[in-house]
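Right, one structure below, let's go through it.
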């Protein structure tokens with residue numbers, strides 16, 4: 001496939017992960033939304049230490065440039081949907097329920113540093129060649145996966161006579177246990193059969209970016225279940 005033109009972000013899915021970065025299976029472990037404004041991923045890079053070999057006469061005998069290290073990505077997620085379920089997954093904030101057990105709000109308490117989530121983003125692809133030659137799909141998307149995000153915090157909130165945005169900050173971690181994931185996100189064959197990723201992320205990776213012809217999930221207004229083969233073999 002030729003190099004795609006990445007257009008607007010279309011859909012976001014968040015999934016609860018445990019303290020080791022494993023997906024948490026269950027009926028209240030996921031959330032899908034398209035009510036968001038932006039997602040910023042700023043690379044957190046630590047410069048390596050340069051090594052210089054200088055002789056007594058001041059002449060430089062050798063030099064080695066330090067190798068930088070990727071500590072992760074600092075995220076800023078701006079969204080409109082003040083869903084208690086979405087915020088609970090991303091921050092660990094307790095949900096407030098009504099008399100009938102329906103979520104109606106959330107509490108802002110101490111920061112839960114062990115709470116974590118995976119973040120998937122689908123963006124539209126533009127171009128004449130985004131559809132596969134086989135009649136197996138309706139287009140293509142660029143798919144971003146950040147399998148382990150921690151330290152989710154809802155930032156400052158201003159209530160005024162205008163639309164209110166909610167802003168969450170967080171940071172990625174490497175070494176999680178997402179594996180190939182619990183979802184069908186890529187084609188498994190020429191027929192376009194949906195299935196999980198074909199290979200897991202390496203333990204040193206923070207993000208995966210790839211093209212997929214499997215369409216994103218439909219947005220919802222409440223929790224979505226996390227299930228599938230991965231859940232059946234998880235401890």
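Does residue 171 fit the bill of being surrounded by fewer than 16 Cβ atoms within 10 Å (Cβ to Cβ) and out of contact with any helix residue (DSSP H, G or I) (no Cβ under 9 Å at 6 or more places or on another chain)? Talk me through it step by step, then tell me what you get.
On the way: surrounded by fewer than 16 Cβ atoms within 10 Å (Cβ to Cβ): no; out of contact with any helix residue (DSSP H, G or I) (no Cβ under 9 Å at 6 or more places or on another chain): yes.
Criteria not met by residue 171.
Do we find that residue 31 is touching a helix residue (DSSP H, G or I) at 6+ places or on another chain (Cβ under 7 Å), in a strand (DSSP E or B) and either at pLDDT 95 or above or buried (at least 18 other Cβ atoms within 10 Å of the Cβ) (or both) in this structure? Quick ask: steps written out before the conclusion?
Details: touching a helix residue (DSSP H, G or I) at 6+ places or on another chain (Cβ under 7 Å): yes; in a strand (DSSP E or B): yes; either at pLDDT 95 or above or buried (at least 18 other Cβ atoms within 10 Å of the Cβ) (or both): yes.
For residue 31, the condition - touching a helix residue (DSSP H, G or I) at 6+ places or on another chain (Cβ under 7 Å), in a strand (DSSP E or B) and either at pLDDT 95 or above or buried (at least 18 other Cβ atoms within 10 Å of the Cβ) (or both) - is met.
Are there any pairs, at least 6 apart or on different chains, whose C-beta atoms fall under 7 Å, with the first in the stretch 96-110 and without any contact (Cβ under 8 Å) to a residue 40 or more places away in the chain and the second part of a loop (DSSP other than H, G, I, E, B), and if so, which?
What qualifies is 96/107; 104/98; 106/93; 106/94; 107/93; 107/94; 109/93; 109/94.
Residues checked against (1) surrounded by fewer than 20 Cβ atoms within 10 Å (Cβ to Cβ); (2) in contact (Cβ under 8 Å) with a residue 60 or more places away in the chain:
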residue	(1), (2)
6	yes, yes
12	no, yes
19	yes, yes
23	no, yes
42	yes, no
47	yes, no
58	yes, no
72	no, yes
94	yes, no
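Which of the residues belonging to the stretch 34-56 are over 17 Å from residue 151 (Cβ atoms) and in a strand (DSSP E or B)?
In the first step, residues of the stretch 34-56 are kept if they are over 17 Å from residue 151 (Cβ atoms); the result is 34-38, 45-56.
Those that are over 17 Å from residue 151 (Cβ atoms) and in a strand (DSSP E or B): 36, 37, 38, 45, 46, 51, 52, 53, 54.
Listed here are the residues, each with its yes/no results for (1) in a strand (DSSP E or B); (2) out of contact with any strand residue (DSSP E or B) (no Cβ under 6 Å at 6 or more places or on another chain); (3) farther than 30 Å from residue 105 by Cβ; (4) modelled with pLDDT under 95.
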| position | (1), (2), (3), (4) |
| --- | --- |
| 167 | yes, no, no, yes |
| 175 | no, yes, yes, yes |
| 178 | no, no, yes, yes |
| 203 | no, yes, yes, yes |
| 221 | no, yes, no, yes |
| 231 | no, yes, no, yes |
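Do you know which residues across the stretch 57-104 are assigned to a strand (DSSP E or B), under 21 Å from residue 36 (Cβ atoms) and either modelled with pLDDT under 90 or touching a helix residue (DSSP H, G or I) at 6+ places or on another chain (Cβ under 6 Å) (or both)?
79, 95, 103
Could you identify the single residue in 130, 142 that is surrounded by 18 or more Cβ atoms within 10 Å (Cβ to Cβ), within 26 Å of residue 217 (Cβ to Cβ), in contact with a strand residue (DSSP E or B) (Cβ under 9 Å, 6 or more places away or on another chain) and at pLDDT below 85? Talk me through it step by step, then tell me what you get.
Numbers: 142 fails: at pLDDT below 85.
Residue meeting the stated conditions: 130.
Can you tell me which of 202, 184, 156, 189 is closer than 20 Å to residue 42 by Cβ and without any contact (Cβ under 8 Å) to a residue 60 or more places away in the chain? I'd like the intermediate steps shown before the answer.
Details: 202 fails: closer than 20 Å to residue 42 by Cβ; 184 fails: closer than 20 Å to residue 42 by Cβ; 189 fails: closer than 20 Å to residue 42 by Cβ.
Residue meeting the stated conditions: 156.
The values are calculated or read from the model by the stated rules, or taken from the named source; none is laboratory data. Just so it is clear, the structure is predicted and the values come from calculations on it, not from any experiment. Please note: Cβ atoms are built from the backbone with ideal geometry, for glycine as well, and neighbour counts cover all protein chains shown.
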